[in-house]
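Worksheet for the structure shown next.
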Ligand code: DON
């Protein structure tokens, strides 16, 4: 970073101007109070709805954070792209996509539906994410599988905060009738690899959803994806560029649930939301951004997160097309 600042060749040359625009956008978000905190998982319903954290990290390591950027929250569905990357690295595209499709479903994130081949539509909705969990180190002990995922998060966050919220995990597991239904539905259709233990797979999925980050650390995770799989702060290659390209493609088409088409049209950036109100946005080659604000719209995306993205593409030319 020091060398680059002397040469003056940062990916965002006028970082001070970017910070000023993001700060103005952040101030504007405070007045946005539509939506409701997810309460289908009791523990999630207890989060302060007013919380708002924004953080960004460029692919050359410049960082900025505002508001509640150090408050931990659960990644929830933002575990889905990371687990998908892990399955690609482990098995390759062909084997992974014998078990999960890659088309948007056009339906809610937990809808009881499979594609024409009897497979979940894509890895970014619950059914597909449960399927991906069955493919992450299936022969290993549960503890080792979780360590593998948690270690991947730590490498992607490069020293940023990564934790685990056991209360959310227990709360989610107790109230997961729909996810169990999705699991049995897929087992009925023989979608899983042979020898999959369904209960373990579901518990593993709930554990991955209960991994905690803060806005700062999630922005570094996003920056690692923006940087082709290499953490910009540590230089650690966590995923291959090919894996990241596939993941970002599916985040672009499927990352925002049944708002994905509209999001691709208006914002034009790969992103992934979670019911905890987290939103991870990737500006390929430029930076990763996280917005965390717990109130959600009807499809499950953070209201302020989406508002931030709309404002961002008005202020900057980040739409990829
Ligand atoms: O599977 C669930 O119900 C959640 N733990 C994760 C879903 C989620 O984050 C959907 N997001 N909008």
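Hey, does region 96-109 have a residue that's under 20 Å from residue 198 (Cβ atoms) and free of Cβ contacts under 8 Å to residues at least 24 places away in the same chain? Among the residues of region 96-109, at least one is under 20 Å from residue 198 (Cβ atoms) and free of Cβ contacts under 8 Å to residues at least 24 places away in the same chain, which makes the answer yes. When region 294-306 is limited to residues that are within 10 Å of the ligand (Cβ to nearest atom) and farther than 15 Å from residue 267 by Cβ, the one that is surrounded by the fewest Cβ atoms within 10 Å (Cβ to Cβ) turns out to be 300.
Among the residues of region 221-233, is any within 24 Å of residue 111 (Cβ to Cβ), in contact (Cβ under 8 Å) with a residue 12 or more places away in the chain, crowded, with 24+ Cβ neighbours inside 10 Å and more than 16 Å from the ligand (Cβ to nearest atom)? Checked region 221-233: no residue is within 24 Å of residue 111 (Cβ to Cβ), in contact (Cβ under 8 Å) with a residue 12 or more places away in the chain, crowded, with 24+ Cβ neighbours inside 10 Å and more than 16 Å from the ligand (Cβ to nearest atom). Residues in region 162-171: is at least one in contact with a helix residue (DSSP H, G or I) (Cβ under 8 Å, 6 or more places away or on another chain) and under 25 Å from residue 243 (Cα atoms)? Looking for residues that are in contact with a helix residue (DSSP H, G or I) (Cβ under 8 Å, 6 or more places away or on another chain) and under 25 Å from residue 243 (Cα atoms), one finds at least one in region 162-171, hence yes. Scan region 294-306 for residues that are closer than 17 Å to residue 252 by Cα and at pLDDT 95 or above and the total you get is 4. Here residue 79 meets the list (1) part of a helix (DSSP H, G or I); (2) free of Cβ contacts under 8 Å to residues at least 60 places away in the same chain almost entirely, failing just condition (2). Here region 159-170 is the region considered, the condition is being at pLDDT 95 or above and buried (at least 20 other Cβ atoms within 10 Å of the Cβ), and the residue that is nearest to residue 214 (Cα to Cα) is 162.
For the condition modelled with pLDDT of 95 or more, crowded, with 24+ Cβ neighbours inside 10 Å, more than 16 Å from the ligand (Cβ to nearest atom) and under 13 Å from the mean Cα position of the chain (by Cα), what is the one hit in 282, 291, 238? Answer to the check: 282. Can you find a residue that is within 15 Å of the ligand (Cβ to nearest atom) and either farther than 12 Å from residue 132 by Cβ or over 20 Å from the mean Cα position of the chain (by Cα) (or both) anywhere in region 84-105? Checking region 84-105: at least one residue is within 15 Å of the ligand (Cβ to nearest atom) and either farther than 12 Å from residue 132 by Cβ or over 20 Å from the mean Cα position of the chain (by Cα) (or both). Restricting region 29-49 to residues that are surrounded by 13 or more Cβ atoms within 10 Å (Cβ to Cβ) and away from the ligand (no atom under 16 Å from the Cβ) leaves a set whose member that is nearest to residue 62 (Cα to Cα) is 29.
Checked against the criterion of being touching a residue at least 40 places away in the same chain (Cβ under 8 Å), closer than 30 Å to residue 235 by Cα and either in contact with a strand residue (DSSP E or B) (Cβ under 7 Å, 6 or more places away or on another chain) or in a loop (DSSP other than H, G, I, E, B) (or both), region 35-49 has no qualifying residue. Would you confirm whether any residue within region 181-191 is surrounded by fewer than 22 Cβ atoms within 10 Å (Cβ to Cβ) and within 12 Å of the ligand (Cβ to nearest atom)? For region 181-191, residues surrounded by fewer than 22 Cβ atoms within 10 Å (Cβ to Cβ) and within 12 Å of the ligand (Cβ to nearest atom): present.
Residue check: residue 262 meets all listed conditions (1) within 19 Å of residue 124 (Cα to Cα); (2) surrounded by fewer than 24 Cβ atoms within 10 Å (Cβ to Cβ); (3) away from the ligand (no atom under 16 Å from the Cβ) but one, namely (3).
Residues are listed down the side, and each one gets a yes or a no for (1) out of contact with any helix residue (DSSP H, G or I) (no Cβ under 6 Å at 6 or more places or on another chain); (2) assigned to a loop (DSSP other than H, G, I, E, B); (3) on the phi > 0 side of the Ramachandran plot:
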{"position": "94", "(1), (2), (3)": "yes, no, no"}
{"position": "99", "(1), (2), (3)": "no, yes, no"}
{"position": "104", "(1), (2), (3)": "no, yes, no"}
{"position": "111", "(1), (2), (3)": "yes, yes, no"}
{"position": "120", "(1), (2), (3)": "no, yes, no"}
{"position": "144", "(1), (2), (3)": "yes, no, no"}
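Among the residues of region 146-161, the ones that are out of contact with any helix residue (DSSP H, G or I) (no Cβ under 7 Å at 6 or more places or on another chain) and assigned to a loop (DSSP other than H, G, I, E, B) come to 1 in all.
The values are calculated or read from the model by the stated rules, or taken from the named source; none is laboratory data. These numbers were taken from a predicted model, which means no experiment stands behind them. Neighbour counts run over all protein chains shown; Cβ positions are idealised from the backbone, glycine included.
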